[in-house]
Amino acid sequence: MYYPDLGPDCQIAVGPAVRAIGWLERGKPFAVGPVDRQFVARLKQHVTDAGKWLPVIAMGPHFCDLGACDGNGGTSNVIVPAETCVYVAPELILHYVETHQYEPPHEFIAAVLACPEQSSDAYVAKLLPFASTWHLDEVGVRRIAARAPEHRKAAAEATAQAEAAKGHFKW
Ligand SMILES: [Zn+2]
């Protein structure tokens, strides 16, 4: 599922304000280099947030095919609004950065560092100018953001149950 970095389309978004990021594929060149730890930490927060803002249900898993790893997979995406555009990346971007030394474009790094918490009021305010990308109006954008607490709660409960199950097996 390859899309060039900073191109106006990717699997879950197409439009003049869209900037695809991290849709990597074996055999296609991508930038490699050291990235700021703070950026990686912030990126991880966004990617792993169960309450992240997403306009569509997962469209099927992508698997890393860059090699030299265990072929990590991911079904989700992450959306990072900025001043004049909105970045859209697969959740695998975190794996690409951590394992394959992928160095995303600097404008994306800056946008991640400046991005408010997923689905927060500040996040929604930054995202609203791009709502039409997903054929949404303000109500639609806010409706998705409003589900964040229940998604986070469900994820926390699932984690707690998995931990409890582990404890049970040890016992
Ligand atoms: Zn990999």
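The values are calculated or read from the model by the stated rules, or taken from the named source; none is laboratory data. All values reported here derive from a predicted model rather than from experimental measurement. Here the Cβ positions follow ideal geometry from the backbone for every residue, glycine too, while neighbour counts run over all protein chains shown.
If I ask for residues that are touching a Phe, Trp or Tyr at 6+ places or on another chain (Cβ under 7 Å) and at pLDDT 95 or above, which ones from the stretch 65-89 would you list?
Listed by number, the residues that qualify are I79, V80, P81, V86, Y87.
Could you run through the stretch 8-32 and say how many residues are surrounded by 14 or more Cβ atoms within 10 Å (Cβ to Cβ) and without any contact (Cβ under 8 Å) to a residue 60 or more places away in the chain?
2
Residues that are over 14 Å from the mean Cα position of the chain (by Cα), within 16 Å of the ligand (Cβ to nearest atom) and closer than 30 Å to P34 by Cβ: find the helices (runs of 4 or more DSSP H) completely inside the stretch 55-157 holding 1 or more of those.
Qualifying helices (runs of 4 or more DSSP H): 93-100.
Working only within the stretch 36-49, note down all residues that are assigned to a loop (DSSP other than H, G, I, E, B) and surrounded by 17 or more Cβ atoms within 10 Å (Cβ to Cβ).
Of everything in the stretch 36-49, just one residue is assigned to a loop (DSSP other than H, G, I, E, B) and surrounded by 17 or more Cβ atoms within 10 Å (Cβ to Cβ), namely D49.
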